[in-house]
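Report on the following structure.
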Amino acid sequence: MAFVQNFPFFSIILSMFAGIVSSVLPAKAAKWLNTFVISAVGVMSLVLLRFLSATGRPFVYWMGHFPAPWGNEIRAGLLEAGMAVVFCVIMLLSMLGGRKKLLQEVEYSKHNLYYILTDLLLSSLLAMIYTNDLFTAYVFVEINTIAACGLIMIRQNGRTIEAAVRYMIMSLLGSGLFLIGLCMIYTLTGHLLMSNIQDAVAQLFADGAYTVPLLTTIGLMSAGLAIKSALFPFHSWLPDAYGYSTVSSAAMLSSLVSKGYIFLLIKIIYRVIGFEIFTQSKIINIFFVFGLMGMIFGSLSAMRENDIRRMISFSSVAQIGYIYMGFGLGTTLGMVASVYHIISHAATKSLLFISAIGLTDVSHGSRKFHDLTGAAYRNKIAGIGFTVGSLSMVGMPMFSGFVSKLLFSQAAVGHTIKMLPTLIVLGISTILNAIYFLKTVIRIYVPDHRQGGESIPLGAEKVYALTIICFIAFNVALGMLSQPIESWILAGLSMFG
Amino acid sequence: MFGGNLLVNFGSVVAVILFGIGFSNLLLQKNLIKKILGLNIMDTAVYLFLAEKGYIDGRVAPIVVDGVQDVTAYINPVPSGLVLTGIVVSVSVTAIMLSLTIRLYRRYHTLDLDEISTRLKKEGL
């Protein structure tokens, strides 16, 4: 066994221990430990990614050296390692970009709690990515929920506590459904490890036994994770949770937490139920319909908002709709498009949150559109960042959003029934996106002759500017290097099988 | 015969009905404490389901006594392990929900989530 194969385990345990150690460290040390851990995990995942693309085979890591049906396992393939890299990059940038705001909005005595929560969030995300055991996945889903709840309410006011309560309620409904689904699949198959369940499910399906319980189980697990990742009718908690928490939290919640659940769902589709069986069940049609509805209604709600942070949050609902619509197509191309969109949306949405905070800061802290007039002149780098993010969301070539829209429409073409609705709704959704995002871009670039807020010169906030530049570079790289990324996703998905 | 399995799987049926009761309470109640009660009913129903499925008639808990090592003497230990882990998770989640409820109650002197939302909108924070 190569030493590199220890890295998934190392990254999970390192981030978890960083959380534990941070509880006795002063805030400053906790901050540096957090930055170090995120970067270290990112580097380790990158090395792992290179190792895996050299060997071309996924590997299974026995926790505690107990063989398959008894022991707990970690499994790493190309897609898992790559996702870990992406998540680390985005988490690092989100933490950097929101650091100043964190100082203003959160009491200093609570800062090391914030870093503990971030470490725990990273560890649970990594565990959800790498684990090969369904019950372990459930436990880490709950840890992720608790960490996310803490991230929302770390900024103490009535709004955030109410948002945290609503978030917890919806998440607990989701995890309850997931838990009973997983208990049912355990009683049906007698296994908890994903690969063993898959064999048993394939056997059951071939025999035609327990068809209804099997379908119910798939439905329960999918519905649970869909609720947790805020698919359209279950999104009521989302705008408050993203809109009022401190900006790093909002960026991480929208781009990492919900994506972690979706990634777990992809693993369940491929590694627990099996892609063939999943596409034959009718559940993909439900995903498809709700995805399409989310794409339209999310954008419509965003158009009605007069608050920039809530507008960006509602746009997340639409983008989650895109991802589920890709699942609903039921083809490998659709899945590739969805995975690409997970990455693209994560990169873009965190950029939008971080740059929106720069704009509101120079407008007397107001988030209303009227007060944002001319904000891009007062804080140039935030204006550029917001413009790039908006163009990417709308689907301008060169940026990542364009590629994901292209992949979705390519996946839809040739589909007998679903082609037309997909293309029409994609078109409508793009127009709606353009309306509310470009409205905002125009608003921030209209010169304001009244007394504006303070203006921030270009080189004043170096860390913030660097973060925005890194985000833009990441976004453009995703948009320009779509070919290798696409083949990486395809290779990763085929490793799942 | 349709429904013939219901009697045999009586325990699972009860567990799923309880799950439904807890789920709808968590979703629909306005009062936060009642919501938390719903959450606990929901989680406990899952543990009942697991315990019921893990038990095999006429066998004992998997603790080796008197040197009997035969597999057929004991019940399946995995569901019990899952229940234990699940209890830990649900206790911590309940604690978080209760602490959030206390926070909200101290601020707004009500447990009604909808009323809290209306007041927040009025505050216009």
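Coordinate-derived values only; no laboratory data. As the structure is a computational prediction, the values presented were derived from the model and not from experiment. Backbone-built Cβ (ideal geometry, glycine too); neighbour counts: all protein chains shown.
Annotations for the structure displayed:
- Computed helical MRE - 222 nm, the protein assembly as shown, DSSP H runs ≥ 4 contributing -39500 (n - 2.57), nearest 500: -25000 deg cm²/dmol
- The gain in end-to-end length when the A:V24 to A:F36 segment is fully stretched comes to 2.6 nm, 0.36 nm per residue minus the alpha carbon separation.
- Calculated log₁₀ intensity ratio I(q)/I(0) where the Debye formula runs over C-alpha points of the stretch A:282-497, q = 0.07, 0.08, 0.10, 0.13 Å⁻¹: -0.23, -0.29, -0.45, -0.72
- For the segment B:76-89, counting C-beta atoms of other chains within 10 Å of every residue's C-beta and taking the mean gives 3.
- Set A:K267/B:K53; A:K368/B:K35; A:K405/B:K35 screened for pairs whose C-alpha atoms are more than 31 Å apart: A:K368/B:K35; A:K405/B:K35
- Per residue of peptide B:98-110, the mean number of Cβ atoms on other chains within 10 Å of the residue Cβ is 3.
- Normalised by 2.2 N^0.38 Å, with N the number of residues, the alpha-carbon radius of gyration of the protein assembly as shown equals 0.96.
- Dipole check for the protein assembly as shown: with +1 at the C-beta of Lys and Arg, -1 at the C-beta of Asp and Glu, and the Cα centre as origin, the magnitude is about 1820 Debye.
- In chain B, excluding the sites themselves, the longest stretch lacking any of the trypsin sites (Lys or Arg not before Pro) that are in a DSSP loop with at most 15 other Cβ atoms within 10 Å is B:60-125.
- Mean Cβ neighbour count within 10 Å, used as a protection proxy, ranking A:481-488, A:6-13, A:264-271 highest first: A:264-271, A:6-13, A:481-488
- Unit Cα scatterers, Debye sum, chain B: log10 I(q)/I(0) for q = 0.18 Å⁻¹: -1.00
- Trypsin sites (Lys or Arg not before Pro) restricted to DSSP loop in the stretch A:405-456 with at most 14 other C-beta within 10 Å: A:R450
- Debye-sum result for the stretch B:72-121 in log10 I(q)/I(0), which assumes one identical scatterer on each alpha carbon, at q = 0.16, 0.21, 0.24, 0.25 Å⁻¹: -0.61, -0.77, -0.86, -0.89
- Judged by the mean number of other Cβ atoms found within 10 Å, the most tightly packed of the peptides B:43-51, A:91-99 leads the ranking A:91-99, B:43-51.
- Mean projected area of the convex hull spanned by the Cα atoms of the stretch A:106-199, taken over all viewing directions: 6.3 nm².
- Helix A:7-22 vs. chain A, principal-axis angle (Cα, 0 to 90°, nearest 10): 50
- Descending Cα extents along the principal axes, the stretch A:372-497, whole Å: 58, 31, 19
- Quotient of the Cα radius of gyration of the stretch B:29-95 and 2.2 N^0.38 Å, N being its number of residues: 1.48.
- The stretch A:310-411 - Kirkwood radius from inverse mean 1/r over Cα pairs (Å): 14.3
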